[in-house]
Every structure is written in structure tokens, then in C-alpha cells.
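Data first, discussion second: the structure below is written as C-alpha cells.
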Amino acid sequence: MGQVLAVLDLQRVYEVKRSVFSVKKDIIHALSGVSLDLDQGKTIGIVGESGSGKSTLARCILLLERPDGGTISFMGKDLLGLPKGELKSLRKKMQIIFQDPYSSLNPRKKVFDTIAEPLLFHEIVDRKGVKGKVMEILKNVGLDEGFVNKYPHEMSGGQRQRVAIGRSLTTDPALIIADEPVSSLDVSIQSQIVNLFLDIKDRTDIAMLFVSHDLNVVRFVSDEIMVMYKGRVVETGTKDEVFLNPLHPYTKMLINAAKGEFSRREEDAAFDESKGCAYYPRCEQRKAHCRDSIPRLTGSKEHKIACFPESGGKSAHSS
Ligand SMILES: Nc1ncnc2c1ncn2[C@@H]1O[C@H](COP(=O)(O)OP(=O)(O)O)[C@@H](O)[C@H]1O
Ligand SMILES: [Mg+2]
């Protein structure tokens, strides 16, 4: 299996003014040393609560914004060092699906044009072949021919997301990044769209990064799971390792919360995140030393965690 994407030590810092009148700025480490490897045909599920840096990671990989450090290799090319001309042809090989298909589709365009335009623009088919190709794509995303003349407002959220997914398939991408693609849909529709992603996974070699705050969604589509907390990867591994044998206290909390069991420690306002484990203020299993040093991500290829073994996390080194 060929490698599609390799992200190494990605950094992204935002400076935000404390208030309109203030000159003081807060520094937000949206990404602190995030790495991942993704092979053809594989899906990595990225989980973590709101603000953990999932969308920032997606935007940096897609070069919608420039990271402050680290490297991104896509289809063997160094994305951050590539001349503009070469970037253009690579860019169509990566596609994004957003949470809200209504805002990602042009309200004045019929489904036919939404799908036909990228096909013609990238010269994937000619004028004669376009109709057949549009129909084929619609069929692949579970929409019948009658949809070609519909506008976004004439469709349901799930149907709109199918159109957005169809459009992303037009350029024969090597990578699809789906950022919370079912979060805005009714629960009853979510599983249909999740199944569509599974279908695409079965039928194609497309690699996927599937971002969701919902563990139950990620569980179905992913081969590997990456758990993020405040811009860092706290646990990563195969789906079974992470779900059946979670080692990091944060992952355990997320899994329990998904089952409906909540537990939360009081936040500790005086804590300095640049010095210790970012999860320290909420950790059920913290020890004194977790306050003063930042745990590194260590373990085997199948399972890594960033947690001191004497604290919550059993070592992920085993086997
Ligand atoms: N454009 C921006 N300017 C300032 N801060 C931002 C910006 N985008 C994201 N952030 C901050 O970066 C952190 C990560 O955000 P984000 O990547 O959106 O997380 P997630 O997608 O996991 O919810 C948050 O603290 C967020 O407030
Ligand atoms: Mg997000």
C-alpha cells in the first residue's frame, strides 16, 4: 500500500487580541507537533472535543492556511516547498467535505452543474461524455437521475451532503478530508452518510481523514484513530487498540462519555499549559509530576500514547 500523506511535527500558532481595546495578545497553540502517516485506501479517524485543533489540522494539510512549522508530504511531494505551478495539479488530488453542505454548495447551481463543472474544468471528460459521467457519479453517491435539475434548497441535508461528496469524487482524489461531515445531519440520516463513506472506501483506493467529535461515527469508518487534545496527539493506534484498550485518561473519558457515563474534574485555573500535560487540570489519574513536564507520544506502531506510565496511562510499549 502506497503512502499518500505524511505529516511531521506540524505547528500552528494563533495570536488573538484579548479584547478590542487590549494590546495584549493570547497565544493559542492550535497544533503542537502533530504527526501522522496515511496509506492508500486507509482511513484515520480524528477525534477530540471542540477546540482540539482538528479543523486547523485539516486546513493546514489542504494548504488553506500555512502551518508555522513541520512538513507535509502528499503523494511523495513536499507540499510546503512546492512551486505554485506544481501545487495546482496536486491540489485537485485532495478534496474536503465540510460539516454544512448547504454553505459549501452554490445555491444558484443545479446538481448537474455542480458536478459537471469540475469534470470539464479539469478535462476529466469532454462535453460529449459529461452527462454520462455525472449520472455515474450521482449513482455512486446514491442519488437517482431526477436530482440533476435540483437546486440545493430543494434537497434534504443528507441529499446535499451526497452531492458534495459526489463533487469531491469528480477529480479522482487520492485523499478526502471530511471535517465533521455528518455532524449537522439528523441522527437518522447520519448512518446513511457514514455508510456512503464506507462504500467509497470499499470501491476505491482513496485515503481519508475523517474528523468527528463523535466517537460512534468515527468507529465505523476508521482503520486507525488519532485522539487530539488542545493541539496535541494524546493517543493513536489501530481502531481496535484505541477503542478496546484505551490507555490515555482522556480517551477513556471520551469513550465513557459516548456511553453516557460522565465524569469531570474541576478545572485548575492556575495551571500553566506550556509546562505540563495539557490534560492535567481535568485528569482523573494525574500525579504531581504531570504538572511539570509534557509527556511525549511513545509506543508501538499499533498503539501510542502521550501519558506518563506512572500516571493513568499504562505503557503502550507492550507486545
Ligand atoms: N483563525 C483563527 N484565529 C484564532 N484562533 C483560532 C483560529 N482558528 C482556530 N483557532 C483556535 O485554535 C484552536 C483549535 O481550533 P479548531 O482547529 O477549530 O478545533 P476543532 O476543529 O477541533 O474544534 C481553538 O482554540 C480555536 O479557538
Ligand atoms: Mg472543527
Practice item. Provide a single number: the residues in segment 63-91 that are surrounded by 16 or more Cβ atoms within 10 Å (Cβ to Cβ) and among the small types (Gly, Ala, Ser). Key: 2
**Study point:** Contacts under 8 angstrom Cβ, first residue in segment 54-78 being acidic (Asp, Glu), partner away from ligand 2 (no atom under 16 Å from the Cβ) and in a strand (DSSP E or B), 6 or more apart
**Key:** Asp68/Gln11; Asp68/Val13; Asp78/Thr71; Asp78/Ile72
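Being part of a helix (DSSP H, G or I) and either within 25 Å of the chain's Cα centre (by Cα) or surrounded by fewer than 17 Cβ atoms within 10 Å (Cβ to Cβ) (or both) is the filter here; which residues of segment 104-119 pass it? It would help to see each step written out before you state the result.
The initial filter retains those residues of segment 104-119 that are part of a helix (DSSP H, G or I), namely 104, 111-119.
Matches in segment 104-119: Ser104, Asp113, Thr114, Ile115, Glu117, Pro118.
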Revision key, fill the gap. Taking segment 6-27 and keeping only residues that are within 22 Å of Leu63 (Cα to Cα) and either in contact (Cβ under 8 Å) with a residue 60 or more places away in the chain or assigned to a loop (DSSP other than H, G, I, E, B) (or both), one is left with Ala6, Val7, Leu8, Asp9, Leu10, Arg12
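Let's see how each residue does on (1) part of a loop (DSSP other than H, G, I, E, B); (2) away from ligand 2 (no atom under 16 Å from the Cβ); (3) touching a helix residue (DSSP H, G or I) at 6+ places or on another chain (Cβ under 6 Å):
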| site | (1), (2), (3) |
| --- | --- |
| Ser50 | yes, no, no |
| Cys60 | no, no, no |
| Arg66 | yes, yes, no |
| Gly70 | no, yes, no |
Check your understanding: Take the residues of segment 211-237 that are within 15 Å of ligand 1 (Cβ to nearest atom), surrounded by 24 or more Cβ atoms within 10 Å (Cβ to Cβ) and part of a loop (DSSP other than H, G, I, E, B): which is modelled with the highest pLDDT?
Key -> Gly231
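The values are calculated or read from the model by the stated rules, or taken from the named source; none is laboratory data. If you're wondering where the values come from, they're calculated on a predicted model, not measured in any experiment. Cβ sites come from the backbone with ideal geometry, for glycine too, and all protein chains shown count toward neighbours.
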